[in-house]
Structures are given as C-alpha cells and as structure tokens.
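The values are calculated or read from the model by the stated rules, or taken from the named source; none is laboratory data. Note that this is a predicted model, so its numbers are computed, not measured. Cβ placement follows ideal geometry from the backbone for every residue including glycine, while neighbour counts extend to all protein chains displayed. Areas reflect the complete protein model, heavy atoms only, side chains present, ligands, DNA and RNA absent. Shrake-Rupley method; radii C 1.70, N 1.55, O 1.52, S 1.80 Å.
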Amino acid sequence: MGLDFSVLPPFYGTLALGVLWTVAITAASAVLSFFGGILLAVIALYAPMAIRLPFRFLAWLFMGTPLLLQLFLIYFGLVQIGIDLPAFVAGVIGLGFHFAVYNSELIQTAMIAVDKGQMEAARTLGLSRRQALIKVVVPQAVRDVIPPIGNNMIALLKDSALVSVIGVSELTLSAQRAIGQTYRAFEFYAAAAVLYYIINLGMEAVLRWFENRNRLYR
Amino acid sequence: MTAPHSFVEIRHAQKSYGTLEVLKDISLNVERGQIVAIIGPSGSGKSTLLRAINDLDPLTGGEIWLDGVQVNKALPHRQYEKHINQMRQEIGMVFQHFNLFPHLTVRENVTMAPKLLKKISDKEADKLAEEQLDHVGMLERIDYYPAQLSGGQKQRVAIARALAMKPKLMLFDEATSALDPELVEEVNLVMKKLAQEHMTMIIVTHEMDFAASVCDRVLFMDQGVVVEEGPPEQVFRNPTQERTRNFLRKHLEGAK
C-alpha cells in the first residue's frame, strides 16, 4: 500500500487546530510550572516545617509516579470526589505541577547559590525577608536557571502529547483522529512529528530571546 | 534601662558562638556627626561589632541604642521584624564586597528600597537616584549594570544606595579592602565628603592613614575587647597599650 502524502491536505484544518491546542496547553502549563516552581522552591527553603512537609510529600508524589497516571487521577479520579475538571484544565494542572516540581529543584539550587551578601544588603536597607526574596534573591536565581528550565519546557512540550489520552484535541489526538478515518498511520504521525519539531524551534527561539535579554547583567 | 545620652550607644555588647566569645562586654558612645574608626587584627571582633549595630549579627547580650531608640529591643518575633526593618532604614551599611544587586541597573539599585519602603513615585525616585549618584560622582553611569563598573565605581554606587534611604548613621565594613590600590582613593574621597557633611559614621578599616585623617576617635580592638580608645593622634602616635603598639608596628611593616 505504499506511502501517499496526498491524504494530508484534507486534514490540514484538523492538524492546525491540534497545533493550536498543543501550543495552548504547553504555554499554560509552562507558565504554571514556572511560577509554581518558584513557589515550591521558596516553600522548600523558607516555609515552616508544618507547611514544608506536606509540600515535600506532594513533590515526591509528582516526581515518583508516571505523568500518565497523574493525568488519569486528576481527570478520571477526581470526579469521584466531586471535582469535575474540563480535560484541558486537568491537563494543564497535571503537566504544570509535574514540571513545577522539576523546576523547583533547579530554582532551589540556584537560590542557595545566590551570594549571602545579597540578602544581607537587602535586609540592611530595611526590606523584610519576603521583600528581599521577591526583589533580590528569586529574580537572580531564576535568571541563572533559564537554560535548564528551557530544557524542562521542551520536555513539557513533548509530554503534552500525553493529554491526548484524556481527550484534549491536541496534535497527537488530531493525528489519531485523521488516521481513524484514513488508516494512514505513517503519513499523519510523520506530519505530527514535523509539526512538533517546528513548535520546538519556535520555543527555542523564545528561550534564546530570554537568555539574551539577561546577558547584560553578567 | 536608662535613657541614652549619646546618639549611638553600645552598652555591654556581648556575643558568643557556643563557647567562643567574640565580643566581651564592649561599650561605645558616638555623638551625632562623629566619625569613629574601629581597627584591629582580623578575628578581633570589629566586623561582628559593626554588624551587631544593625542586627545582622545579633548580640547575645547588651544593648544598642540609636537616637533614643533601642535597636535590639526584646519584642515578640513579628513585632521585632517590623521594628528592626524600620531601624535598618535609618542605618546605612556599606560592605567590603559591595553587594550591589547585579540584576538591577545602577538607578534601580538606588531606588529599589525607597520605592518599596517609602512609597515614593517613579518621578521622585528618579530625582533621588540622580541626586545621590551625582553626590558620589556616578551620575553618568546611572543606566549601567553593576557588572559594567569597576570596583571603586561599584562601591560608590553602594554608598549612594545606602544614602538614598537618608540614614541617620552609616556603617562601613572594610569598604576599601577589596579594591585595587588605585581605586581606593575615589571611595575615600566620597567618605571624606560625607564626613564634611557631618554624617555620623562608624568605620571598620585597615587603612590607618585614612582613619587618622577623617576620624574623631579610633578604637583598637583585639580578641573581643576594646584595648585602646582615643583621638587618632593619641592612638596612632602614643599608644599606651603594648598590644596596640605591636599591631601598629606589624601593620606599618606590612604596608612597606
């Protein structure tokens, strides 16, 4: 039965919609994982035990279990206790928290590495510890880990394919639907792969822009 | 607690880390507009004493008073945090390693604290930054990042940053020790200028010439105690204590 890429054009619209959803879910999860990562890092380093321990348990849970299982739990599991989330929201929460835990590890290390004199100088001016963290320590730590966080974000983009299993019509699920109608697996999966790669290139460009913006201060 | 008589009063300051006593019952009075230098070998406790004044290194005993208010008041944690943040706004500090905020421009370094704590507008903040940076001769570098400055320039910006909070007292912790020799003078000049404007200053330094030329009083510390105290001409020319003489002799040999 050979390869025949002429089956693709009728499904351009489906695939384009898939790209849109993939970009949307990746962007939303990336933002959540970034700010969530900062929050988790601050909690891990500065919160009192009573707050730190449950969060550490949660982080361990997100790191130690498969992302696919987490998505199932959030989407299919939570319904049983009355929390009925739309698939997109469930996907963003799953992906976002999963990568927030990884980002938090990076940010924690960077926060510890920020020179102690920075906190001292801020406190000496009269800033509270919270103000010093927000204005001085966290911004420096985050700037130092933009490249490794970027790697996490690329992993996030690729793992966003997993949310197809809870029914978010992103790129992978769109390809599968097209295959369901045409039985042309190679053509559509290859097309999806190319599209993922292109999104990836776009994301790398955004990351490079962030890195360059921060070059001046070194 | 009796009310203080001097602008800055350190009463029976005591500090220990476990069994190691680094400050042993130190008392010191500084009048408004006075400049006091603290000299002594490393490990003598001079930096610890300076850092106790704004509670960066809290004392284990004794009291610090500034302008009639006790800095290290015994208060419940939350109230104390509020109190100490307020007190620190009135005590400027300059560090050996500058500790400028590398992610902020010179302007932002100077305006961050006033904007955050005194709620001044952007316009007022810009004016403040220009004034303070002009004062230390760094106005042309207002939109540079710290990484683009020399050590001496960084330290002048750090002084402007401290002055922008309009402190009542300035603390200098070996402000020129990390500088290349040719950059020391520009920082010393700024400090002399502050002296002429009658800023109250406590200066921990290794530079005897500078201490002799600007200070009203010199304290020689060794092993956690004040060994000798007096006007610079007396401490430097006619020290009464053997330990002071030894220190000054070694220091002079080192300088040659």
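Within the assembled protein chains, the solvent-accessible surface assigned to B:D67 is about 60 Å², based on a 1.4 Å probe.
For A:Y197, the solvent-accessible surface with a 1.4 Å probe is about 140 Å², rounded to the nearest 10. Across chain A, the mean sequence separation of Cα contacts (distance under 8 Å, 6 or more residues apart), normalised by length, yields a relative contact order of 31 percent. The tail of the calculated P(r) for chain A, taken as Cα-Cα distances beyond 33 Å, holds 28 percent of the pairs. Computed from the Cα positions only, the extents of region A:22-74 along the three principal axes stand at 38, 22, 14 Å, in decreasing order. Each residue of region A:116-121 was assigned a 3J(HN,Hα) from its phi angle through the Karplus expression (A = 6.51, B = -1.76, C = 1.60, θ = phi - 60°), giving 4, x, 5, 4, 4, 4 Hz with x at Gly and Pro.
Across chain B, the relative contact order, built from alpha-carbon pairs under 8 Å that are at least six residues apart, equals 25 percent. For a straight C-alpha distance cut-off of 20 angstrom, the lysines reachable from B:K73 (same-chain residues fewer than eight places away being disregarded) are B:K15, B:K24, B:K82, B:K168. The residues of chain B present an accessible area of 46 Å² per residue when probed at 1.4 Å with all protein chains retained.
Tell me, what does the Kirkwood hydrodynamic radius of the protein assembly as shown come to in angstroms if you use every pair of distinct C-alpha atoms?
Values: mean 1/r = 0.0380 Å⁻¹.
Averaging 1/r across every pair of different Cα atoms and inverting gives 26.3 Å.
Report the charge-dipole magnitude of the protein assembly as shown in Debye, nearest 20, computed about the Cα centre from +1 at each Lys and Arg Cβ and -1 at each Asp and Glu Cβ. Could the numbers behind the result be given before it?
Details: 46 positive and 46 negative charges, 137 e Å.
Result for the protein assembly as shown is approximately 660 debye, rounded to the nearest 20.
Sorted by accessible area (1.4 Å probe), largest first, how do B:H251, B:H83 line up? Working shown, then result.
On the way: B:H251 55, B:H83 25 Å².
Of B:H251, B:H83, the descending order of accessible area is B:H251, B:H83.
The spread of Cα positions in chain B, taken along each principal axis and listed from longest to shortest, comes to 55, 50, 33 Å.
In chain A, helices alone account for a calculated mean residue ellipticity at 222 nm of -24000 deg cm²/dmol, with every DSSP H run of four or more residues adding -39,500 (n - 2.57).
Of the residues B:A147, B:G137, A:P54, the one whose Cα sits farthest towards the positive end of the charge dipole of the protein assembly as shown is A:P54 (charges of +1 on Lys and Arg Cβ, -1 on Asp and Glu Cβ, taken about the Cα centre).
Taking all protein chains as they are arranged and a probe of 1.4 Å, the heavy atoms of B:F7 leave approximately 10 Å² accessible to solvent.
By the Cα gyration tensor, region B:131-218 has an equivalent ellipsoid whose semi-axes, rounded to whole angstrom, run 21, 16, 10 from largest to smallest.
For the protein assembly as shown, the residue among A:I154, B:V36, A:L32 whose Cα projects farthest onto the positive side of the dipole built from Cβ charges is A:L32. For the set A:E187, B:E186, the ranking by accessible area, highest first and with no ligand, DNA or RNA atoms included, is B:E186, A:E187 under a 1.4 Å probe. 3J(HN,Hα) along region B:64-71, derived from phi through the Karplus expression 6.51 cos²θ - 1.76 cosθ + 1.60 where θ = phi - 60°, amounts to 10, 10, 10, 6, x, 10, 7, 6 Hz, with x in place of Gly and Pro. Between amide H atoms placed 1.01 Å from N, distances below 5 Å from B:D222 occur with B:V227, all of them 5 or more places distant or on a separate chain.
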